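The values are calculated or read from the model by the stated rules, or taken from the named source; none is laboratory data. The model shown is predicted, which means the values in this text are computed figures rather than measured ones. Every residue, glycine as well, gets a Cβ built from its backbone with ideal geometry; the counts of neighbours run over all protein chains shown.
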Amino acid sequence: MPTTVGTRPQPISQHSRPKTVYIKTYGCQMNVYDSIRMNDALAKDGYSEVSNMEDADLVLLNTCHIREKAAEKVYSELGRIRKLKNRRKHTMRPLTLGVTGCVAQAEGEEIIRREPAVDLVVGPQTYHRLPDIVARASNGSAVVETEYAVEDKFDYLPAPDSKRTRSRGVTAFLTVQEGCDKFCTFCVVPYTRGTEVSRSARQIINEAKALCDAGVREITLLGQNVNAWHGDGIGDEEWGLGRLLQELSQISGLARLRYVTSHPRDMDEALIAAHREIDILMPYLHLPVQAGSDAILKAMNRKHTAAEYISLIKRIRQTRPDIALSGDFIVGFPGETDADFEATLDLVDKVEYAQAYSFKYSPRPGTPGADLENQVEEAVKSERLARLQALLNQQQVNFNQSFVGKSMDVLLEKPGREDGQIIGRSPWLQSVIVDASSGRIGDIIKVEITEAGPNSLQAVRSLDA
Ligand code: 5AD
Ligand code: SF4
């Protein structure tokens, strides 16, 4: 049930002009997707999106709780917005301020105690009720809603609107699964996003078709544990992600498919085979391992060894030799010795990543890791992170440079930062900068790579294209 905390003086607001919303998104791609769906839900209620906080009647911070830094950023931003809200208090345009996402779920009412300027706190499972919650909060009562809704929010959120989808570009995210049952001992996700829930195949296929009808050419399926997705297929069959990808690959207009984030234990044979069988499934896989020492993997409750991960990578590469691997790493998990850390470097050496994210361990309240006694000193974490990042960066540079002089297909996505440029995406998720005359946004063109930097490639359109 919704909780209502305290009452506020009634704002003097008459919304004769259209209401406006600004959502600031923190954290992962699932939050990016959620912000889009929240914008769509609010659009139905007459809100139009603005790109500037000062122009908004409603400001929402869609937050991330994964590391302490991410959560603390939210409170400093709330402090800044409080000043804007105070300036607007007795004007014709009072500002309503809300916190959504994982900090909202994890901290609930505590957010309003820490920052009383906040009018509403809404967890990720109740976004479909947002218009109603905002209406109540704008009427003077602070609303906290972090219960898990009994109904499925996806049945209530509006379908992607074609005009709005088109304006967002030719690539789109589509959440197929939320939550996690793995309980890695460092991670808050099972607590903030709840246990694993898969959306139905039917719902996903319909949403994908709507996106493609609106001009989307590339869809990235999202889930905290995306490859744990399973659901009723057509008929009585239980489908896994590999089978779902097969079905999605048949949608007309769709040129590229991706999925993120996967857990090594859920890489089943059908999904590995999908990388050989589905030509529009891009040769890129984000498969976090977190650490390379078996003792640390065990303490993290990852439920596999380093050798098992490496042999999995071997099988995936045998199936799809040009696949690019990406990963997540945590250094300084409690108890991590120098030798444990060396084992991580060793694993990275063996795998050779195209790209990776790495973090210092951040103890999260409520997770088992936070209570362990043998926490690693901050200076040691920093030193290990620097060494790991130097190695990963070198691998990324090597990977990018291996393409110089070669040709590849690029999906043109958006105008470049400089006039006359257009930015595309390679099959391996690299940014590729080409001359704007090479084609239009949404085209897939063949290019030749002329230069490679750490974060992007330069290319010219192939003459034979
Ligand atoms: N500290 C540091 N990094 C973390 N991650 C998750 N929880 C923590 C934590 N407590 C990292 C993991 C995960 C990525 C999304 O964030 O590497 O894969
Ligand atoms: Fe967190 Fe582990 Fe679940 Fe990933 S698999 S969301 S790291 S608990």
Candidates 359, 403, 399 - the one that is part of a loop (DSSP other than H, G, I, E, B), surrounded by 15 or more Cβ atoms within 10 Å (Cβ to Cβ) and at pLDDT 95 or above: 403
Any chance residue 229 is touching a Gly at 6+ places or on another chain (Cβ under 9 Å), away from ligand 1 (no atom under 14 Å from the Cβ), under 27 Å from residue 188 (Cα atoms) and hydrophobic (A, V, I, L, M, F, W, C): yes
Wholly enclosed strands (runs of 3 or more DSSP E) of region 120-191 bearing at least 2 residues within 16 Å of ligand 1 (Cβ to nearest atom): 171-175
Those residues of region 133-158 which are under 30 Å from residue 425 (Cβ atoms) and either within 16 Å of ligand 2 (Cβ to nearest atom) or more than 20 Å from the chain's Cα centre (by Cα) (or both), in sequence order: 158
Qualifying residue in region 338-345 (condition: within 16 Å of ligand 1 (Cβ to nearest atom), in contact with a Gly (Cβ under 8 Å, 6 or more places away or on another chain) and among the polar types (S, T, N, Q)): yes
Condition check for residue 84: over 30 Å from residue 286 (Cβ atoms) and surrounded by 20 or more Cβ atoms within 10 Å (Cβ to Cβ): no
Residue list for region 33-78, restricted to those being in a helix (DSSP H, G or I) and either within 14 Å of ligand 1 (Cβ to nearest atom) or among the hydroxyl-bearing types (Ser, Thr, Tyr) (or both): 33, 35, 68, 69, 70, 71, 72, 75, 76
Within region 215-327, helices (runs of 4 or more DSSP H) holding 3 or more residues that are assigned by TED's automatic domain parsing to the domain that holds residue 348 and surrounded by fewer than 17 Cβ atoms within 10 Å (Cβ to Cβ): 269-277, 294-299, 306-319
Odd one out for residue 373 among (1) touching a Cys at 6+ places or on another chain (Cβ under 9 Å); (2) away from ligand 2 (no atom under 16 Å from the Cβ): (1)
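For every residue, the table says whether it meets (1) aromatic (Phe, Trp, Tyr); (2) outside the structural domain of residue 111 (by TED's automatic domain parsing); (3) more than 19 Å from residue 211 (Cβ to Cβ).
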| residue | (1), (2), (3) |
| --- | --- |
| 136 | no, no, yes |
| 140 | no, no, yes |
| 151 | no, yes, yes |
| 154 | yes, yes, no |
| 158 | no, yes, no |
| 169 | no, yes, no |
| 174 | no, yes, no |
| 178 | no, yes, no |
Among the candidates 31, 62, 52, 39, residue that is of a type in the set (S, T, N, Q) and loosely packed, with under 15 Cβ neighbours inside 10 Å: 52
